[in-house]
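Coordinate-derived values only; no laboratory data. Quantities reported herein were computed from a predicted structural model and do not represent experimental measurements. Glycine also receives a Cβ, built like all others from the backbone with ideal geometry; neighbour counts cover every protein chain displayed.
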């Protein structure tokens, strides 16, 4: 009966049909996690408490659980204990806010498949972590099947022994004659009717030469001590093949007390031996590339550290991540991607010595352990060699493919004295290499670790800032210099951190962009600005536009529906809401953006291009979008009075706006001379410290009463 094949899931099919439960008390972050996984094909259910997670598990099947360690209603440990008590056997991943080695060890002992830190790279790393968890779960399942098959084989073998299907043998030590039973001759591949010339020399000649010393030693020990013989070895059969056998025997002494006979039985255990080899292969080697996997890597790295301590050497750990590999999978399919990974593995083998270890961490990540290193120059040379070899073109199924790699390096003992620390620090260094335009390698530094921890602290605070009401909007007036009247306000966000004080937008907005938190923050800004403008109108202040800056991330979450809902709940006329976007946002995925921008303008909102002149600045694209205003970037305004080029650029923008019948606003105006030059060239609306710095909403009524003098 043919043996059923069980396939290890690749990146292509690991997500197919898999149900993931996310237990995260921060709903916005939970939805970000779910979004990252849904993009890869996983089905996700998000709950906001441990209790609701346990209720959901009691009525639904699940393939994986992702749980926040510090839940508001219970700890991660309590949730996991309760989950197991309910009979849930699915693997689970624990997310923690801090990099805590002791907590990681505790969670792994509790049964966690992985322990990940909630840092700025988590959303990018999570799909790979989840895919790797499913792959390891499938490998574990195959191991269980192999072990069950092995136990079944052993049971069958025991039954076979009971019915004497064992080959017996006898060696007469005094005459040196050897007897093999018919059963043993059949096991060895010979016809009992035509037996070979059996002798001890003949038998030793059939045993694999590498095993002969072991067999001779086992026999000599049995004869010397009188203890039973028990030895496993390889032997060639009559057909020329090789089998693995187990020989067991007893010594019989003569009347003089000296050994006279060695009598025993030999079993064919080839199937069992192959099963054990298969189990070892599955447990320690990557199925796709044949390289050591994480289990064997960890063991090899620990051994390298022990050897380094003994010989006073260093150990280099290189974390290699392929740049833009996902694009190959997305464009050419996972079959080509898998072949490419095997080709990369083959090249990386050429970069390491026999004493080193090359392993596949998972996905497009590889680890190189350089043993017995004396100087960092050798590690740098190996890193450069890896970058060079990976950068050479690959030809896969007729496609010429180009890759680069980012390599992070950690060195024992400077960067860590245990395997976990070295791997974690090499990983951090790899992300630093990616930030520095990729295709390079970076050594880990303690400053890097401090920087990462600072970002983690800031990110953790940022996730709670909305619910703790730590954000505030300030409003900077936009003035018509001809009438000296306010014609609008730009809403500008500020963050009052309870411990760190005022944090500038350029410190937290990029972090909010990276983590996806800009989506709920951006929605809060629109809602707050609209409601505040509605209050001003309700108390009789002149109706003017309020402008809000948009992020590119907001364009991916049905922004038109979000804006429409806010306008409806505030009963605010859309014509007084102005949405500011940058040129780069406008041009990214221009076709989809066009439809969204028309949806926003159709409901009555007006659109402004912020920081104009720093991006594409082309009539060819500008005329196709429903944009009503251009804002001259402050970088041109700053030196407009003493830099002819900046003045020329500002004039071109003003003329372009007039040609397209758009309004134009200059931002960053701080000096009367700047105002005069801009006004002379046709720009009448401006904002900047010459008129007012951004102020709190309470000061706006008084601002309408004053006359701007400049």
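By how many nm would the segment from residue 557 to residue 252 grow when fully extended, if each residue of separation counts as 0.36 nm and the alpha-carbon distance is taken off?
Answer, rounded to one decimal: 101.3 nm.
How far apart, in nm, are two points set 7 Å out from the Cα along the Cα-to-Cβ line at residue 283 and at residue 564?
6.0 nm
Quote to one decimal, in nm, the extra length available between residue 671 and residue 58 on full extension: 0.36 nm per residue of separation minus the C-alpha distance between them.
Computed gain between residue 671 and residue 58 is 213.9 nm.
Using a/c under 1.5 as the rounded threshold, could you call the stretch 19-142 rounded, prolate or oblate? The axes a ≥ b ≥ c are square roots of the C-alpha gyration tensor eigenvalues, and prolate needs a/b larger than b/c, oblate otherwise.
It is rounded, given that a/c, with a ≥ b ≥ c, falls under 1.5.
Hey, what's the Kirkwood Rh for the stretch 286-455 if you take every pair of different alpha carbons, in angstrom?
16.2 Å
Rank these for me by crowding, 575, 44, 351, going from fewest to most other beta carbons within 10 Å.
575, 44, 351
What order do you get for 656, 200 when you list them from fewest to most C-beta neighbours inside 10 Å?
Result, fewest neighbours first: 200, 656.
Under the definition of Cα pairs under 8 Å and six or more residues apart, what whole-number percent is the relative contact order of the chain?
Reported relative contact order: 7 percent.
FRET efficiency for residue 302 and residue 109, Cβ-Cβ distance as r, R0 = 22 Å, nearest 0.05?
0.80
As a test, work out the antiparallel percent of DSSP beta bridges whose residues both lie in the chain, rounded to the nearest 5.
About 60 percent, rounded to the nearest 5.
Which whole number of Å³ per residue matches the convex hull of the alpha-carbon atoms in the stretch 213-258?
81 Å³
If one takes the longest principal axis of the Cα atoms in the chain, at what angle in degrees, from 0 to 90 and to the nearest 10, does the Cα axis of helix 122-162 lie?
20 degrees
Between the stretch 639-705 and the stretch 478-516, how many Å separate their Cα centres?
A separation of 18 Å, based on Cα centres.
Helix 76-85 against the longest principal axis of the chain: what's the angle in degrees, Cα atoms only, rounded to the nearest 10?
Between the helix axis and the principal axis of the chain, the angle is about 50 degrees.
So what is log10(I(q)/I(0)) for the stretch 201-340 at q = 0.15 1/Å, when the Debye sum runs over its Cα atoms only?
-0.95
Over all directions, how big on average is the projection of the convex hull of the alpha-carbon atoms in the stretch 438-560, in square nanometres?
With every direction weighted equally, the projected area is 11.6 nm².
Run through the DSSP bridge list for the stretch 19-142 and note the antiparallel percent, rounded to the nearest 5.
5 percent
Which value in deg cm²/dmol, rounded to the nearest 500, describes the helix-derived mean residue ellipticity at 222 nm for the chain, given -39,500 (n - 2.57) per DSSP H run of n ≥ 4 and division by the residue count?
-14000 deg cm²/dmol
Could you give the length gained by full extension between residue 332 and residue 635, i.e. 0.36 nm per residue of separation minus their alpha carbon distance, to one decimal place?
Between residue 332 and residue 635, full extension yields 104.8 nm more.
Quick check: pseudo-label points 7 Å beyond the Cα along Cα→Cβ at residue 97 and residue 709, how many nm apart are they?
Roughly 5.1 nm, to one decimal.
If you average the alpha carbon positions of the stretch 351-375 and of the stretch 383-456, how far apart do those two centres end up, in angstrom?
12 Å
How big is the antiparallel share of DSSP beta bridges in the stretch 466-705, given as a percent to the nearest 5?
Counting only bridges with both partners in the stretch 466-705, antiparallel ones make up about 40 percent.
Tell me which label goes with the value of Cα Rg over 2.2 N^0.38 Å computed from the coordinates here: (i) 1.35; (ii) 1.12; (iii) 1.06.
The listed entry that was calculated here is (i).
Where does each of 489, 441 land when they are ranked from fewest to most other beta-carbon atoms within 10 angstrom?
441, 489
Give me the angle, in degrees from 0 to 90, between the Cα long axis of helix 559-570 and the longest principal axis of the Cα atoms of the chain, rounded to the nearest 10.
Here the helix axis deviates by roughly 50 degrees.
In bins 5 Å wide, starting from 0, what share of all Cα pairs of the stretch 394-456 does each bin hold, as a percent?
4, 18, 22, 19, 13, 8, 6, 5, 4, 0
Quick one: go through the stretch 245-267 and flag any residue whose amide nitrogen is under 12 Å from the point 7 Å out along the Cα-to-Cβ line of residue 214.
Output list for this probe position: 245-247.
At residue 346 and residue 535, where each label point lies 7 Å from the Cα along Cα→Cβ, what is the point-to-point distance in nanometres?
6.8 nm
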